Amino acid sequence: MTSGRFIRFITAVCLCTFGGFIAIAPAASAHAIIELNGVAAVAGQSSVWTLEIQHGCITESAGTTQVIAFVGKPWGAIKPGVVSGWKVSAAPLADGGQQITWSIVGKPNPFGTPVYFPMTVKWPNSPGVYGMRVLQVCPGDLTWWETPFTPATASSPSPPITPLPQVSVLAGR
């Protein structure tokens, strides 16, 4: 076998093996995700970012009808964006944070359809990692996206099934 044929053979075996691993790998759990849209979160500055809900509630119910974000006091002012087919409201929380609620207008957002909620935020004044609890409401079901990231254990994978959406805020320049 020539060296070129041997390299092609090894490449094909590797691709088939890798493809087989992908085919038998379990599906990854989806999350509530903070997407910074390519712009760093910098302490004391403002930027636009997106909260992404990848699918309906974990039990695969009819779809999402409401998403509620609970933003703690350390976060600065947040202005939720408008999403077509959803109504949005914001209310202060007793601890100084904010509750932002998006409610679907009409039928539930289908289970496999992601939804993106834009927001403008003034990032906390101090650098660090900040989390935001998210409640996803589906007909007859709720999913809390609030479990802090933890290492894997014998009874719990890493990341957890319902991870807390977090952002790393960098020191000001």
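What follows is calculated from the coordinates using simple rules that are stated; it is not laboratory data. Predicted, not measured: the structure shown is a model, and the values here were computed from it. Positions of Cβ are generated from backbone atoms using ideal geometry, with glycine treated the same way; all protein chains shown enter the neighbour counts.
Observations
- Panel values: region 68-162, Kirkwood radius from alpha carbon pairs, Stokes-Einstein at 25 °C and 0.890 mPa s, translational diffusion coefficient 161 µm²/s.
- Arranged from fewest to most other beta-carbon atoms within 10 Å of their beta carbon, Asp141, Asp95 become Asp95, Asp141.
- Net charge, Ser46 excluded, C-beta distance under 12 Å - Lys, Arg +1, Asp, Glu -1: +2
- Between Ala90 and Val105, the distance separating the two model label sites (each 7 Å from Cα on the Cα→Cβ line) works out to 2.0 nm.
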